[in-house]
Amino acid sequence: MFNFLALITKKKYWYIHSMIIKVILRMYGVKIGKKFYIEGVPKLKIKGNPKDIVIGNNVSVFGDIDIRNRKNGRIIIEDDVEIDGDCRFISANNAVLRIGRRAYIGANCFLISGVDISIGEDCLISSMAHIQSSEHGYKKGESIRYQEYVHGQIVIGNGVWIAGNVTITKGVVIGDGCVIGAKSLVRHGNYEKYSVLAGIPAKKIKDRL
């Protein structure tokens, strides 16, 4: 129905829709700035403090979005961020999931923080990226499902380009201006500024010129 209304009004409907969604989010307790725009419906699973979800000014969401926090998990989306449809953002424990100013997040991206994930300004993250700062323990003799998580902070610098279907796991630091090739798996370690990474596991193949 929403898409039909947008079609017959030449997308003008979305501005009314966005104002309504903004009011509803504020009723839940979410902090949200000016000029919020959304072409979908947010799914909220708030088991922490709703005030720990902060959306800055001029944030645009081009579809549905799934936002979840637990315990003291915080989600901070800074000014001028653009998010494509069907993304999921989760923050748990005492973690902060921060998306820097002017970042773009492609469709169907999952950002899951058991400890802090920081995404710098002007980053370009293509569709189907999976960035997660925790993983299950897998000791022998005990069901993996019930083992505690192991955590490691993820830091992504400014101006990084992450191509489609990239996975980034715990304990990774990616310097400013890096490029990560499609379908790469980035595991553990620090990567210098302006490196080009590719592969499974990802390795530095050259420097940006």
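Here are the numbers for this structure:
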item	result
Qualifying position, being over 28 Å from ILE205 (Cβ atoms) and buried (at least 21 other Cβ atoms within 10 Å of the Cβ), among GLY137, GLY114	GLY114
Number of the exception - GLY159 against (1) part of a loop (DSSP other than H, G, I, E, B); (2) of a type outside the set (Lys, Arg); (3) within 25 Å of ASN93 (Cβ to Cβ); (4) modelled with pLDDT of 95 or more	(3)
Odd one out for ILE105, checked against (1) farther than 18 Å from THR167 by Cα; (2) buried (at least 21 other Cβ atoms within 10 Å of the Cβ)	(1)
Residue within the range 190-200 that is under 29 Å from ASP52 (Cα atoms) and open to solvent by less than 30 Å² (accessible area, probe 1.4 Å) present	no
Failed item in (1) in contact with a Phe, Trp or Tyr (Cβ under 8 Å, 6 or more places away or on another chain); (2) at pLDDT 95 or above, with ALA6 passing the rest	(2)
The range 151-172, residues that are open to solvent by 50 Å² or more (accessible area, probe 1.4 Å) and farther than 18 Å from PHE110 by Cα	ASN158
Single match in LYS31, LYS47, LYS35 (criterion: among the charged types (D, E, K, R) and modelled with pLDDT under 95)	LYS47
Count of the range 120-134 residues which are part of a loop (DSSP other than H, G, I, E, B), open to solvent by 10 Å² or more (accessible area, probe 1.4 Å) and either farther than 30 Å from GLU78 by Cβ or of a type outside the set (Gly, Ala, Ser) (or both)	3
Condition met for TYR146 (closer than 27 Å to ILE46 by Cβ, open to solvent by 70 Å² or more (accessible area, probe 1.4 Å), aromatic (Phe, Trp, Tyr) and out of contact with any Cys (no Cβ under 6 Å at 6 or more places or on another chain))	yes
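Residue-by-condition table, conditions (1) of a type outside the set (Gly, Ala, Ser); (2) surrounded by 12 or more Cβ atoms within 10 Å (Cβ to Cβ); (3) more than 21 Å from ILE75 (Cα to Cα):
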site: MET1; (1), (2), (3): yes, no, yes
site: PHE4; (1), (2), (3): yes, no, yes
site: LYS12; (1), (2), (3): yes, no, yes
site: HIS17; (1), (2), (3): yes, yes, yes
site: VAL23; (1), (2), (3): yes, no, no
site: TYR28; (1), (2), (3): yes, yes, no
site: LEU44; (1), (2), (3): yes, yes, no
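The values are calculated or read from the model by the stated rules, or taken from the named source; none is laboratory data. Here the structure is a predicted model, which is why all the values come from computation and not from measurement. Cβ atoms come from the backbone with ideal geometry, glycine included; neighbour counts cover every protein chain shown. Just the protein is used for accessible areas: all its heavy atoms, side chains included, with ligands, DNA and RNA removed. Shrake-Rupley method; radii C 1.70, N 1.55, O 1.52, S 1.80 Å.
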